1. Please verify whether B:ILE297 is more than 8 Å from chain A (Cβ to nearest Cβ) and at pLDDT below 95, treating the condition exactly as stated.
2. So which residues in the stretch B:354-385 are more than 7 Å from chain A (Cβ to nearest Cβ) and under 29 Å from A:GLU307 (Cα atoms), if there are any at all?
3. How many of the residues in the stretch B:77-96 are part of a loop (DSSP other than H, G, I, E, B), β-branched (Val, Ile, Thr) and buried (at least 19 other Cβ atoms within 10 Å of the Cβ)?
4. Go through the residues of the stretch A:309-321 one by one and say whether even a single one is part of a helix (DSSP H, G or I) and either within 12 Å of the chain's Cα centre (by Cα) or closer than 28 Å to A:MET79 by Cα (or both).
5. Go through the stretch A:282-322 and give me each residue that's touching a residue at least 40 places away in the same chain (Cβ under 8 Å), under 22 Å from A:LEU249 (Cβ atoms) and among the aliphatic types (A, V, I, L, M).
6. Please identify the pairs in which a residue from the stretch B:189-209 that is within 22 Å of B:TYR174 (Cβ to Cβ) and free of Cβ contacts under 8 Å to residues at least 40 places away in the same chain has its Cβ atom under 6 Å from the Cβ atom of a residue that is of a type outside the set (Lys, Arg) and outside any loop (DSSP other than H, G, I, E, B), counting only partners at least 6 apart or on another chain.
7. Inspect the stretch A:251-260 for any residue being within 28 Å of B:VAL383 (Cβ to Cβ), within 11 Å of chain B (Cβ to nearest Cβ), surrounded by 23 or more Cβ atoms within 10 Å (Cβ to Cβ) and in contact with a Phe, Trp or Tyr (Cβ under 6 Å, 6 or more places away or on another chain) and give the result as yes or no.
8. Restrict the check to the stretch A:123-139 and report whether at least one residue is buried (at least 19 other Cβ atoms within 10 Å of the Cβ) and in a loop (DSSP other than H, G, I, E, B).
Amino acid sequence: MKDMMQVSSNPHVRSRVTTSMIMYSVVIALLPATVFGIIQFGWYAALIIAVTVGTAVLTEHLFCLISKKPSTVKDGSAMVTGLLLALNLPPHIPVWIAIFGAVFAIVVVKLLFGGLGQNFMNPALGARCFLVISFAKYMTNFDCDAFTGPTPLALLKDGECVNVFNMVLGKTGGTIGETSVIAIVLGACFLIWLGVIDLRIPGMYILSFAVFVVIFGQNGLVPYLTGSSSSFFNLTYLCAQLSGGGLMLGAFFMATDYTTRPITKKGQYLYGILLGILTGLFRIFGPGAEGVSYAIILGNLVVPLIEKFTMPKAFGKGGEKA
Amino acid sequence: MARFTFRGGIHPYEGKELSKDKPIRLYEEPKGDLVYPLSQHIGAPASAIVEKGDHVLIGQKIAEAGGFVSSPIYATVSGTVKAIEPRRVITGDNVMSIVIENDGQYESVEFSQPKAVEVLLKEEIINLIKEGGVVGMGGAGFPTHVKLSPKEPDKIDYVIANCSECEPYLTSDYRKMIEEPEKLVEGLSIILRLFDNARGILAVEDNKPDCIQILKKTVKDLNLERISVVSLKTKYPQGAERQLIFATTGRAINSSMLPADAGCVVNNVDTVISVYNAVKLGRPLMHRIVTVTGDCIKDPVNFKVRIGTSYAELIDEAGGFVKEPEKIVSGGPMMGFAIFDTNVPCTKTSSALLCLSHDDVSHANETACINCGRCVEVCPGRVVPSRLADYAQHKDKEAFEKANGMECCECGCCSYICPAKRQLTQSIKSMRRMILADRKKK
């Protein structure tokens, strides 16, 4: 027996779950969408994904080396950021833009604010919005061999018809990873099963967005009441809005990003509702067809405020039941 | 209204199967000296009434209560007082202790048989408990006679026997319930004599269905209408006082309230049985059950130990180590104390000696908080541990108190669940100590 034992404050046992296990489970959950994107858009998409992930990981490692800190790439968070960013890029984006975006996400949005857990904005989305503003021509061009012309959401905005079945499957134009609702939901189910994410944010997000669309969207209640539409409900339009654009990817994988969502339970419901409303506003009343990225980023900024007002009540002070 | 559970909590590996089926074994003849720290309860230390060189007998009072919130201590072997000096205890502190050299004769004083319980006055019952040196044996060691003397005894609606034993690995209460259910139930009915309007509740977690069955049968056989058995959801920390009261009665108290404010009195299994021994048999508290367990122990076992016995002897008696231990914990893995030296005495509040070959804490690599919210999810106090730990690290007392930091019960759920392996409980605990010390100064 050793002369001295290990001592520490209680508790003396720890759960097996670690940060890196959580990060790698997110990577696994993104695989269906990733594989679907590669099958649909071809090897160039695979190259973009590889380059973006590689750049993100390498950038974080180099940054740690330069700032003389232990490398944090093993926790897997840079890989998640890289993969999410890649899935949010158009399939035929020039490689240098992808590299640029990955460096921006890791250095500017994440590391300069203190690294893992300290960033106030989702790094992948922050970088995507930065790229959209800087390289609008490349970032909004979704033409590829399989699909040319506007995305389904853009068609919807112009009042044209879309094939909802193909949208659920993912057989439409769009960014590499956002098109297939089935692949995304499959990955999300895996995370929910693991307990990594729950339905509070995605559920409220999708629900409140649906309500917003039913009220304000094309053939919605408000257009009906003001006389600009003949019917007050259009199921195809609603389903197309729900499966189009980045909504599913955003709701399940970006809005649930731990660091940039409220930590309080009530706050999470509120945050989900806020994102739904913002997305609705941007999509229906904004100039573009998309709105998820901006909605989530704007939502990120309001998180401290939401948390402030939704701090739980303690046990014995009214919080025991909630 | 009973809710049978509470918000939050965790399900760590239970480890109870190691020692669950081992009947209580008396460890009768301690080899070394017996050490009695004068402070093995909350409140004023007891004051020694023997001197170096005195000869003492089993059951002889060697230290008397040092105030109202204090408790006397009795010799558990016969022998000579070797010294009264500071000795190391489980927390690592040196505490003034009476050291008795065992003469191996085990001569006992004559215990006087108290009057029948039915004719005892309430004051007499309280006095017997006080003189019996009974303290809360679940871990805190709060003197039981103080707990049983609330300002308005008529307003107590529930006397709860805490039979949940929610700490992993511990089986001492379990064995007591299986082997001596009558003593537990009768002990509870003795306590009920103090509270005319109260109902007795035996609160058991549902991972011990055999206990529930046995206790129900005992209550029925003894025909005690005021006592009922309640089955609670198995979850740590179901046995934490505030959570237990909520689960059994639906009433909630915060850190600045006492259980009596919610009309409740809570006592642990072993405490209730000690009340029985003190009031019915006139025997002071001299033994306790200690579970010696963990993956390093050859033959995990539940010992009935003379208080004052060295832990090191118990490890030898349990067959010694089969693996090199990395960590030895006095108590359960969630709230126990890690000890660096096994040569410390077993006290009134020692419930287990846990020897682990793998210390999760020293192998864990602390990383940055990712704000995942798991600590918030599991916190039974319904606070935000990750934020409290941040305030604690920044020594921001104001923010800490504003965020209900004082409501933490230090159960350890947040540190257990944290994927970044942050020392949340430790940070919050130290901050609470600092604030409590400040309040005392004022």
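The values are calculated or read from the model by the stated rules, or taken from the named source; none is laboratory data. Small disclaimer: the values here were computed from a predicted structure and weren't measured. Cβ: placed from backbone, ideal geometry, glycine included. Neighbour counts: every protein chain shown.
1. Judged against the criteria, B:ILE297 is a match.
2. B:ASN365, B:GLU366, B:ARG374, B:CYS375, B:GLU377, B:VAL378, B:CYS379, B:PRO385
3. Number satisfying all stated conditions: 3.
4. Residues of the stretch A:309-321 part of a helix (DSSP H, G or I): A:309.
Imposing the further condition that a residue be either within 12 Å of the chain's Cα centre (by Cα) or closer than 28 Å to A:MET79 by Cα (or both) reduces the set to none.
No, the stretch A:309-321 contains no residue that is part of a helix (DSSP H, G or I) and either within 12 Å of the chain's Cα centre (by Cα) or closer than 28 Å to A:MET79 by Cα (or both).
5. A:ILE284, A:ALA289, A:VAL292, A:ALA295, A:ILE296, A:ILE297, A:LEU301, A:VAL303
6. Pairs that qualify, where the first residue is within 22 Å of B:TYR174 (Cβ to Cβ) and free of Cβ contacts under 8 Å to residues at least 40 places away in the same chain and the partner is of a type outside the set (Lys, Arg) and outside any loop (DSSP other than H, G, I, E, B), are B:ASP206/B:SER231.
7. No, there is no match, as no residue in the stretch A:251-260 is within 28 Å of B:VAL383 (Cβ to Cβ), within 11 Å of chain B (Cβ to nearest Cβ), surrounded by 23 or more Cβ atoms within 10 Å (Cβ to Cβ) and in contact with a Phe, Trp or Tyr (Cβ under 6 Å, 6 or more places away or on another chain).
8. The answer is no, given that none of the residues of the stretch A:123-139 is buried (at least 19 other Cβ atoms within 10 Å of the Cβ) and in a loop (DSSP other than H, G, I, E, B).
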